[in-house]
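The values are calculated or read from the model by the stated rules, or taken from the named source; none is laboratory data. A quick note: this is a predicted structure, and the numbers were derived from the prediction, not measured. Cβ coordinates were reconstructed from backbone atoms using ideal geometry, including for glycine residues, and neighbour counts include every protein chain displayed. For the accessible areas, the whole protein counts, side chains as well, though only heavy atoms, and no ligand, DNA or RNA atoms are used. Shrake-Rupley method; radii C 1.70, N 1.55, O 1.52, S 1.80 Å.
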Amino acid sequence: MKHIQENNRILATDHRSRNNITHELYRGNLKNELMIYSKMYLIRKFELCVYDTLKKDDLLSRFVHLSAGQESIAVAVCEALEKDDRIAVSYRNHGVLLARGAECGPLMAEILGKSTGYCKGRAGSMHVLDASLGIIDSSAVVGSHIPVATGSALASWIEKDTKVTACFFGDGSTSEGAFHESLNIASLYKLPIIYICENNERAVRTHISKYSSYSSIAALGTSYNIFSVEISDMDIFEVHKVVLEAVKRARTGGGPTLIECKTRLLLGHYSNSESIQQYDNVSSWKTDDPLKKMRQDLLSKGFIKDVVRIEQMVNQQVNEGLEYALKSPYPSY
Amino acid sequence: MLLDIKERTYQYLVTEAIQNEMARDENVFLMGFEVSHYKPNLLEEFGPHRVIDMPIAELAVTGLAVGAARVGKKPIVDLIGTSFFFLAMDQIANNAAATKDLFADQLTSSLVIRGLTGIGEIPGGVHHCRMPHSIFMQIPGLRVVYPSCAEDAKGLMTASIRDPGPVLFMEHLRLYKSVATREIPSFIPLGQAVTRIHGEDVTIVAIGPMVKEALTAAEYLFNEGISAEVIDPRSLVPMDYETIVNSTKRTGTLVVVDEAHETCSAASQIISVISEKLPYVNVRKLTVPDINIPFSAARAWDKFSPTAPQIIEAVRNLVKDK
């Protein structure tokens, strides 16, 4: 049928021809490495700050889910996207928002439910987004944003605008029907979307071996004829390379990519202490930390001054953000 | 396009509204299972990037519509039947309805979801006899539109597409092939009821296919010396309570006829709102019993759905007590 043939046409020959900006990152390039480190450290510092701030508020911390340990995925993806590409996230969204350019002040304010937050305090941590950063969903219902992200890609397919949508979700989402239905449709129409599964091998407290009949999430993608990759998040440059390929595939009419990225949570499912304590007992990933590894690499190469400078800058940035949020008023309803 | 009068059906006029809006606004597009099969054939006119066939995947299809709407498109989603809306409930309630408020007006949700509703002439069993309009009325952020006749179908679909949304468009099975004989307005604003017949003795609010039953009842009642006022709300959210209140103030008696299960029906809602505003009026609702409707090859739809004789009986009793 005519319309199926049309779906396979090439939209652009070079993913860089849109803005002539290269998104390649080079290992060994000090500027790239320091930039990456500062973005990952920002996320880690911010999340630790949230954890500290909410230590005494168990009720509020129930609605907060930290990204500590998953930083390299958020940074790798956001470094590969253009400003007018789009993103959909789940409730574990702080890392992606910061990597995409959200500011500490309004982000912390939203988490604390203050009127100066990105959503005026009406969304909270789980639903915080800034539409001007191209973020079109932040969902608390597991997997609910996957069809929404696919719809954003459908819009790009209709408009032929070569924009790409990136959809972040955890391994727990892969047991939802919405995941499977979306992948089928995205593959059928070769929609310009990148599905990024942050596989920390947990759905809340349950290990993946206990809730799934499958051991490979990437293999699920191949059953829908989607180009699928399984990688570790330890080397951010590797992750970034895979994402760049996925971006190019999407922009040039090659359709969706499913990236299963193995990662780990350092601070449990929810931000409360009970959850973190429970998590500590089962986690075998504690010693693997891409951020720690990157820091050690930079130090071993003699860049301690740059690292310290970056960390001081970021610490100040995060503290100022916290101050701003603490001083802000609650919304009046 | 000039059509034989036999062809100006409810179904055709809704399609015409969609066709006109797609021609008028390039952001409007159609998606759903077998939407390429519509008559007139919209695929031929608008191409496969605006008439998009989808697999049977109501949850994801609705979610795709939400996502497309969030980036500025205006999708019309055909979910075929309101029974299948239940498969899409997360996307309808948690995403479409919540978009505007949850993200503090950063994003919009201009989509229309259409589906066949109600008890057919041959009741097709539970999965095909859903009347869930009141369920969706209770979800903040949703608009619910329910045309009562072929003449209104076009104007209400047009308004639904142009509305900031999201809109659920209820199309009744027994009205689907009915033919328009009166004037066809091109645009009917949402939230505006219409008084079909003016009267002094009783206010009858009728929803969807019940308007026809109410008008039949009104004719008989008139011959008995009872003048009934029949109001057609046309949209259930936003609901024009003002028109109903003003009428009931005059008549003092309110009957609400709703082809829907009794518990938590739209009829219950209307009765409750009017009773609070006008505590001394006599009220009665006529609804479908709270049972799972069985399949009936004998076409026993009128054993379950309120009909004109029941309305006449109810009004007679109420007016007698006055």
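To the nearest 10 Å², what's B:HIS37's accessible area with a 1.4 Å probe?
110
Specify the inter-centroid distance of segment B:16-64 and segment B:86-102, based on alpha-carbon positions, in whole Å.
Distance between centres, Cα-based: 21 Å.
With no solvent and one point per C-alpha, what does the Debye sum give as log10 I(q)/I(0) for chain A at q = 0.12 Å⁻¹?
Taken in order of the listed q values, log10 I(q)/I(0) reads -0.82.
For chain B, with the dipole built from +1 on Lys and Arg beta-carbon atoms and -1 on Asp and Glu ones, taken about the Cα centre, which of B:VAL319, B:PRO147, B:ALA93 lies farthest toward the positive end?
B:VAL319
Tell me the per residue accessible area of the protein assembly as shown using a 1.4 Å probe; a whole number in Å² is fine. Let's see the in-between values first.
Values: 26580 Å² over 655 residues.
Normalised by residue count, the accessible surface of the protein assembly as shown is 41 Å².
I'd like the Kirkwood hydrodynamic radius of segment B:26-115, using the inverse of the mean 1/r over distinct C-alpha pairs, in Å. Don't skip to the end; give the middle numbers.
Working: mean 1/r = 0.0759 Å⁻¹.
Computed over segment B:26-115, the radius equals 13.2 Å.
Taking a temperature of 37 °C and a viscosity of 0.692 mPa s, what whole-number D in µm²/s does Stokes-Einstein yield for segment B:4-62 with Rh from Kirkwood over alpha carbon pairs?
Working: Rh = 12.2 Å.
For the chosen part, D equals 270 µm²/s.
Going Cα to Cα from B:LYS249, which aspartates and glutamates come in below 13 Å? Please leave out same-chain ones fewer than 8 positions away.
Filter leaves B:GLU200, B:ASP201, B:GLU229, B:GLU276.
Springs between alpha-carbon pairs under 10 angstrom, Gaussian network model over chain B: which of B:GLU26, B:GLU262, B:GLU213 fluctuates most?
Highest fluctuation of the listed residues: B:GLU26.
To test your reading of the geometry: what angle, between 0 and 90 degrees and rounded to tens, separates the Cα axis of helix A:304-327 from the longest principal axis of chain A?
Compared with the principal axis, the helix lies near 80 degrees.
As a test of the definition: which semi-axes, in Å, follow for segment A:34-131 when you take the square root of five times each eigenvalue of its alpha carbon gyration tensor? Largest first, please.
On the way: eigenvalues 92, 49, 23 Å².
Rounded to whole Å, the semi-axes are 21, 16, 11.
Computed over the Cα atoms of chain B, what is the convex hull's projected area averaged over all directions, in nm²?
Its average projected convex-hull area is 16.6 nm².
Determine the share of segment B:216-299's accessible area contributed by carbon and sulfur atoms, expressed in whole percent, with a 1.4 angstrom probe. Mind dumping the intermediate values first?
Numbers: 2020 of 3900 Å².
Using a 1.4 Å probe with all protein chains present, segment B:216-299 comes out at 52 percent carbon and sulfur.
Tabulate in residue order the Karplus-calculated ³J(HN,Hα) for segment A:37-51, using 6.51 cos²θ - 1.76 cosθ + 1.60 with θ = phi - 60°, rounded to whole Hz; enter x for Gly and Pro.
For segment A:37-51, the Karplus curve yields 4, 5, 6, 5, 5, 4, 5, 4, 4, 4, 5, 5, 5, 4, 4 Hz.
For n ≥ 4 DSSP H runs only, could you compute -39500 (n - 2.57) per run for chain B, divide by its residues and tell me the 222 nm figure to the nearest 500?
Working: 10 runs with 105 residues, N = 322.
For chain B, the value works out to -9500 deg cm²/dmol.
Determine how large the accessible area of B:ARG250 is when every protein chain is in place; take a 1.4 Å probe and give Å² rounded to the nearest 10.
Answer for B:ARG250: close to 120 Å² accessible.
Apply the a/c threshold of 1.5 to the C-alpha gyration tensor of segment A:22-72 and tell me whether it is rounded, prolate or oblate.
On the way: a/c = 5.06, a/b = 3.18, b/c = 1.59.
Verdict is prolate for segment A:22-72.
What is the helix-to-structure angle for B:58-70, meaning the angle in degrees between its Cα long axis and the longest Cα principal axis of chain B, kept from 0 to 90 and rounded to the nearest 10?
Result, in degrees: 80.
Determine the equivalent ellipsoid of segment B:136-200 by diagonalising the alpha-carbon gyration tensor, then write out the semi-axes as square roots of 5 times the eigenvalues, largest first, rounded to whole Å.
Equivalent-ellipsoid dimensions as semi-axes: 21, 15, 13 Å.
So, taking all protein chains as they sit and a 1.4 Å probe, how much accessible area belongs to B:ASP90, in Å² rounded to tens?
Approximately 40 Å² of B:ASP90 is accessible to the 1.4 Å probe.
Quick check: net charge around B:ASP163, other residues with Cβ under 14 Å of its Cβ, Lys/Arg +1 and Asp/Glu -1?
Values: positive: B:LYS74, B:LYS100, B:ARG114, B:ARG143, B:ARG162, B:ARG234; negative: B:GLU21, B:ASP25.
Net of charged neighbours comes to +4.
Based solely on C-alpha atoms, express the radius of gyration and the Dmax of segment A:171-320 in angstrom.
Values for segment A:171-320 (Cα only, Rg and Dmax): 18.4, 51 Å.
Over segment B:109-166, what per residue volume does the convex hull of the Cα atoms give, in whole Å³? Numbers along the way, then the final one.
Numbers: hull volume 4.9 nm³, N = 58.
It is 85 Å³ per residue.
Tell me the mean residue ellipticity at 222 nm calculated for chain A from its helices only (DSSP H runs of n ≥ 4, each -39500 (n - 2.57), averaged over every residue, nearest 500). Present the calculation step by step, with values, prior to reporting the outcome.
Working: 14 runs with 156 residues, N = 333.
Theoretical 222 nm ellipticity from helices: -14000 deg cm²/dmol.
Given the options B:ALA297, B:ALA65, B:ALA153, which has the most mean-square fluctuation in a GNM of chain B, springs set between C-alpha atoms less than 10 angstrom apart?
B:ALA297
On alpha carbon coordinates alone, what is the Rg over Rh value for segment B:56-159, Rh being the Kirkwood radius?
Working: Rg = 14.1 Å, Rh = 14.5 Å.
With Rh from the inverse mean 1/r over Cα pairs, Rg/Rh is 0.98.
Using the crude model of +1 on Lys and Arg Cβ and -1 on Asp and Glu Cβ, and no other charge, please compute the dipole size for segment B:149-263 relative to its Cα centre, in debye to 20. Intermediate values should be presented prior to the final figure.
Numbers: 10 positive and 17 negative charges, 72 e Å.
My answer is approximately 340 debye.
If A:TYR118, A:TYR195 are ordered by their accessible area, calculated over protein heavy atoms with a 1.4 Å probe, which sequence runs from highest to lowest? Could the numbers behind the result be given before it?
On the way: A:TYR118 45, A:TYR195 0 Å².
Largest accessible area first, the residues go A:TYR118, A:TYR195.
In debye, nearest 20: dipole of segment B:1-111 around its Cα centre with unit charges on the Cβ of K, R (+) and D, E (-)? Provide the component values of the computation, followed by the final result.
Working: 9 positive and 15 negative charges, 30 e Å.
Charge dipole, segment B:1-111, about its Cα centre: 140 debye, nearest 20.
What ranking of B:VAL281, B:VAL315 comes out by heavy-atom accessible area, probe 1.4 Å, highest first? Spell out each step's value before the answer.
Working: B:VAL281 30, B:VAL315 0 Å².
The ranking, largest first, comes out as B:VAL281, B:VAL315.
Kindly give the semi-axes, whole Å and largest first, of the ellipsoid equivalent to segment A:80-221, taking each as the square root of 5 times a Cα gyration tensor eigenvalue.
On the way: eigenvalues 126, 88, 25 Å².
Computed over segment A:80-221, the values are 25, 21, 11 Å.
Which aspartates and glutamates, if any, have their Cα less than 12 Å from the Cα of A:LYS31, not counting same-chain residues under 8 positions apart?
Once the sequence-local aspartates and glutamates are set aside, what remains near A:LYS31 is A:ASP306.
Which residues, if any, in segment A:149-193 lose at least 30 square angstrom of accessible heavy-atom surface (probe 1.4 Å) when the other protein chains sit next to their chain rather than the chain being alone?
Those are A:GLY151, A:LEU154, A:ALA155, A:TRP157, A:ILE158, A:GLU159, A:GLU181, A:ILE185, A:TYR189, which lose 30 Å² or more relative to the chain on its own.
At a 10 angstrom cut-off on C-beta neighbours, averaged per residue, how do the peptides B:219-228, A:66-75, A:209-218, A:231-240 rank from highest to lowest?
Working: B:219-228: 15.5, A:66-75: 28.3, A:209-218: 13.1, A:231-240: 19.8.
Descending packing order for the listed peptides: A:66-75, A:231-240, B:219-228, A:209-218.
For chain B, what is the relative contact order in percent, using Cα pairs closer than 8 Å and at least 6 residues apart in sequence?
Details: 711 pairs, mean separation 52.8, N = 322.
Once divided by the residue count of chain B, the mean separation gives 16 percent.
Out of B:LEU173, B:LEU278, B:LEU30, any idea which swings most in a Gaussian network model of chain B, alpha carbons joined below 10 Å?
B:LEU278
I'd like the per residue volume of the convex hull spanned by the Cα atoms of the protein assembly as shown, given in cubic angstrom.
That works out to 170 Å³ per residue.
Cα centroid distance between segment B:264-296 and segment A:68-88, in Å?
Distance between centres, Cα-based: 52 Å.
Pairwise over distinct Cα atoms, reciprocal of the mean inverse distance: report the Kirkwood radius of segment A:185-233 in Å, one decimal place. Mind dumping the intermediate values first?
Numbers: mean 1/r = 0.0815 Å⁻¹.
Value: 12.3 Å, from the Cα pair sum.
Would you mind giving the total buried accessible surface between chains A and B, with a 1.4 Å probe and ligands, DNA and RNA left out, rounded to the nearest 100 Å²? Numbers along the way, then the final one.
Working: alone 15080 and 14270 Å², together 26580 Å².
Counting protein atoms only, the buried area is about 2800 Å².
Taking N as the number of residues in segment A:114-175, what is its Cα Rg relative to 2.2 N^0.38 Å? Write out the running numbers ahead of the final one.
Numbers: Rg = 13.3 Å, N = 62, 2.2 N^0.38 = 10.6 Å.
So segment A:114-175 has a normalised radius of gyration of 1.26.
Is there a pair in A:LYS39/A:LYS83; A:LYS39/A:LYS327; B:LYS212/B:LYS303; B:LYS73/B:LYS177 whose C-alpha atoms are over 19 Å apart, and which pairs would that be?
Values: A:LYS39/A:LYS83 17 Å; A:LYS39/A:LYS327 26 Å; B:LYS212/B:LYS303 17 Å; B:LYS73/B:LYS177 30 Å.
Result: A:LYS39/A:LYS327; B:LYS73/B:LYS177 exceed 19 Å.
Please give the charge dipole size of the protein assembly as shown, origin at the Cα centre, charges +1 on K and R Cβ atoms and -1 on D and E Cβ atoms. Round to the nearest 20 debye. Walk me through the intermediate numbers first.
Values: 69 positive and 77 negative charges, 177 e Å.
Charge dipole of the protein assembly as shown: 860 debye, to the nearest 20.
What angle do you read, to the nearest 10 degrees and between 0 and 90, between the alpha-carbon axis of helix A:290-300 and the longest principal axis of chain A?
70
Using a cut-off of 12 Å between alpha-carbon atoms, which aspartates and glutamates can reach A:LYS120, once sequence neighbours fewer than 8 places away in the same chain are excluded?
A:GLU110, A:ASP130, B:ASP101, B:ASP105
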